[in-house]
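Single-structure report; data block below.
The values are calculated or read from the model by the stated rules, or taken from the named source; none is laboratory data. These numbers come from a predicted model, not from an experiment. Don't worry about glycine lacking a Cβ; one is built from the backbone with ideal geometry, like all the others, and counts go over all protein chains shown.
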Amino acid sequence: MSTTNTTRTLDGVGLTRTWGGTHGKERLQRLCDSYRNLIEQRRHLNWTEHLRLIRKLGHGGQGVVYLSERRGADGFTLPLALKFFAPDPYASDAAYEEAMERIGWV
């Protein structure tokens with residue numbers, strides 16, 4: 001059984017990328033095994049997000065909404081709206097925390 005590799009050089013950059021072949025399949029298998037291992041261990045994964053508030057978009061009875069920017073690991077940015085819920089309408093801190101936990105699942 002033969003395998004076909006496709007190699008292409010990215011012009012002006014001097015990089016070569018190869019698709020297919022056993023090397024690519026082995027890397028994919030290692031990656032899948034790694035993810036499967038994480039799932040089977042049922043480990044709780046944590047990560048940190050980097051957000052920057054740019055400007056206030058509006059406010060109302062539930063709270064305030066800001067135009068924000070999420071910064072990715074490789075420096076890319078993603079614009080998003082970030083809402084801060086006001087605790088005022090809730091009878092207690094516990095009621096506020098319970099509501100925020102429910103909203104967080106949405």
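Considering only region 54-106, state which residues are in contact (Cβ under 8 Å) with a residue 12 or more places away in the chain and exposed (fewer than 11 other Cβ atoms within 10 Å of the Cβ).
Correct list: 55, 61, 79, 81.
Which of (1) modelled with pLDDT under 85; (2) of a type outside the set (A, V, I, L, M); (3) surrounded by 11 or more Cβ atoms within 10 Å (Cβ to Cβ) does residue 43 not meet, given it meets every other one?
(3)
Would you say residue 62 is modelled with pLDDT of 75 or more and out of contact with any strand residue (DSSP E or B) (no Cβ under 8 Å at 6 or more places or on another chain)?
No, not satisfied.
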